[in-house]
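The values are calculated or read from the model by the stated rules, or taken from the named source; none is laboratory data. Keep in mind that what you see is a predicted model, and the values were worked out from it rather than measured. When we count neighbours, we look across all protein chains shown, and the Cβ atoms used for this are built from the backbone with ideal geometry, even at glycine. To get the accessible areas, we keep the full protein, side chains included, count just its heavy atoms, and leave off ligands, DNA and RNA. Shrake-Rupley method; radii C 1.70, N 1.55, O 1.52, S 1.80 Å.
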Amino acid sequence: HTLKRAEDFSAQPQFLAPQYRLQLNEKSFSKTLSGTNFSAQSFSSEVSSLHFETEETICDSDNNFSFANSSVQTWSELDEISSNFPKDKVSGGIFLYPRQSKLIVHLLQTLVNQLEEKRESENTLHVCETGYGNGHSASLFLSVSKVEVTTFDKFDRSYQVASLQYLQKKYPRRVREVKGNSCKTLPSYNRGEIPLNRNCDFLHGSSLCSSDNIDLIEGSECGTILTSTAMTSIKDGVVYFGSKKGQWEILSNRGCISNITCFAEDEHILEKDYVFGKRGTVMHHEFCFAINNGKCSKKGDSEYKKNCESKMTAGGIAFESLCQKAQVLS
């Protein structure tokens, strides 16, 4: 779990929005995030039409990360919704993970492009996530065209229904919720008791359930990508590799996932209080990606699993080639 030493982390984006413009270059990026306040609003505005020319450029210091269309749902609008319900704090969100956000959008867009290349243009990519939070991650996924989202969450915080309804209005028929404890609803889905009418194509585990990542892998097919958010370190003992009970540790030891590749975010200071972090706290987040190799999957017949190895390439995406200076050892 030792961090690779790197003189710089090479994801230095430029965010564009009608309301504000934040420019970060290679030299000022770390200093800016570690010396100023950081929030969803300071990270982004319009979530729309995110584009990366090649895998090699998604972490270049001069790469633009643009949020362009004022008619599209924004993270700042989600913040405004939650501000109307001050009694319930926001846990955190994908906005605290600029590098992971960029990589997720890149991967989703790559998978969508593959559908189009296969002339499966009428098909959509189905993201399954646990831990809706305030909808920041769901809106990020939906910023990629032809992506649909199913989100598993208790929806017991006062602002969540309002933000979900906002996303469902903004993205008709592209967002579906499964309400309840993810530790119970995911196994029910895996048993076929909660019909989603299609399999999950991309997995995002970010709930308080101590088995959600495992359940997501068991309920998805070979070749499906898994990632998890809201961990300060891959040494986390509940989700990643910090103990024998860590979900990714269990999945790895059981041989359920392959191509495990982990990354570090640059340090930043929280602008306000969240459930898992107080204002002024210096955060240094880490996250991982992996591929379901089918060994533990409850989806697909025996013939499908025999052909699993060819599907494991996830369309030729090599995680280890992405943002190499930001990678950490798992």
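Summed over the residues of region 87-227 and divided among them, the accessible surface reaches 37 Å² per residue at a probe radius of 1.4 Å. Basic side chains Lys and Arg get +1 at the Cβ, acidic Asp and Glu get -1 at the Cβ, and with that the dipole of region 105-172 about its Cα centre reaches some 200 debye. Judged by the gyration tensor of its Cα atoms, with axes a ≥ b ≥ c, region 166-304 is oblate; a/c meets the 1.5 cut and b/c is at least as large as a/b. If only the Cβ of Lys and Arg carry +1 and only the Cβ of Asp and Glu carry -1, the dipole of region 152-308 around its Cα centre is close to 520 debye. Applying 1/(1 + (r/R0)^6) with R0 = 25 Å to the Cβ-Cβ distance of THR110 and LYS298 gives a FRET efficiency near 0.40. Among 191-198, 283-290, 215-222, sorting by the average number of other beta carbon atoms lying within 10 angstrom of each residue, highest first, gives 215-222, 283-290, 191-198. Pairs exceeding a 30 Å alpha-carbon distance, out of LYS170/LYS298; LYS118/LYS154; LYS118/LYS170: LYS170/LYS298; LYS118/LYS154. Rg and Dmax of region 116-195, based on Cα coordinates, read 13.4, 43 Å. When the alpha carbon coordinates of region 173-216 are projected onto the principal axes, the ranges are 28, 20, 18 Å, largest first.
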